[in-house]
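The values are calculated or read from the model by the stated rules, or taken from the named source; none is laboratory data. Note that the structure is predicted; figures quoted are calculated from it, not measured. In this analysis, Cβ positions are derived from the backbone assuming ideal geometry, glycine residues included, and neighbour counts consider all displayed protein chains. All accessible areas refer to the heavy atoms of the entire protein, side chains included, with ligands and DNA or RNA removed. Shrake-Rupley method; radii C 1.70, N 1.55, O 1.52, S 1.80 Å.
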Amino acid sequence: MKRAAGKRPGKLGKADRDLIAAASGAIKCRYRDDWQEVGAALRTRSGKIFTGVNLDAYLGRMAVCAEAVALGRAIVDLGDAGIDRIVAVRHPSPADKNQTIAVVSPCGACRELIFDYDPNARVIVPNGKSSVVVPIADLLPNKYTRGQER
């Protein structure tokens with residue numbers, strides 16, 4: 001199995017909390033119940049932040065995740081600048097009165113996408129009542145690769 005070099009899970013720093021705030025701001029601004037419920041923020045290796053929200057559709061397989069939208073914006077603006085950190089957050093429905101916007105783990109497809117674009121990317125994920133930073137490789141063991149395994 002080929003694994004990206006990365007650090008073990010780590011505590012959040014100010015830049016990580018700022019990234020969560022950027023993702024939260026994106027979904028607060030564009031939240032629509034049952035349409036846009038997830039926001040994401042990505043920081044490139046050059047330090048630029050890109051945000052996105054999920055694009056839902058009546059035909060479920062046509063939906064696009066917030067992480068993919070943020071990555072697409074980064075690629076359009078900068079090209080392949082590398083992913084330093086990425087995070088997704090979920091906005092609760094209006095019926096969830098006691099819930100707040102919370103960090104969520106990327107889905108399997110987003111894990112593949114993040115790894116494909118930067119195998120050294122780090123992801124902010126929930127860890128009980130807090131969040132931690134982990135290498136994308138830790139979220140995607142035995143990653144499929146094209147060609148011969150190394």
query = Among the residues of region 70-91, which ones are touching a helix residue (DSSP H, G or I) at 6+ places or on another chain (Cβ under 9 Å) and open to solvent by 50 Å² or more (accessible area, probe 1.4 Å)?
reply = 75, 80, 90
note = Those residues of region 11-32 that are open to solvent by 70 Å² or more (accessible area, probe 1.4 Å) and either in a loop (DSSP other than H, G, I, E, B) or in contact with a Lys or Arg (Cβ under 8 Å, 6 or more places away or on another chain) (or both) come to a total of 1
key: Per-region count, region 44-69, residues in contact with a helix residue (DSSP H, G or I) (Cβ under 8 Å, 6 or more places away or on another chain), open to solvent by 30 Å² or more (accessible area, probe 1.4 Å) and either assigned to a strand (DSSP E or B) or touching a residue at least 60 places away in the same chain (Cβ under 8 Å) (or both)   = 3
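Output the residue which, of all residues in region 92-150 that are in a helix (DSSP H, G or I) and of a type in the set (Phe, Trp, Tyr), is least open to solvent (accessible area, probe 1.4 Å).
Let us first name the residues in region 92-150 that are in a helix (DSSP H, G or I), namely 108-117, 136-139.
From what's left, of a type in the set (Phe, Trp, Tyr): 115, 117.
Values: 115: 25, 117: 104 Å².
Per the stated criteria, the residue is 115.
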query = Is it the case that region 137-144 has a residue that's in contact with a strand residue (DSSP E or B) (Cβ under 9 Å, 6 or more places away or on another chain), hydrophobic (A, V, I, L, M, F, W, C) and more than 17 Å from residue 80 (Cα to Cα)?
reply = yes
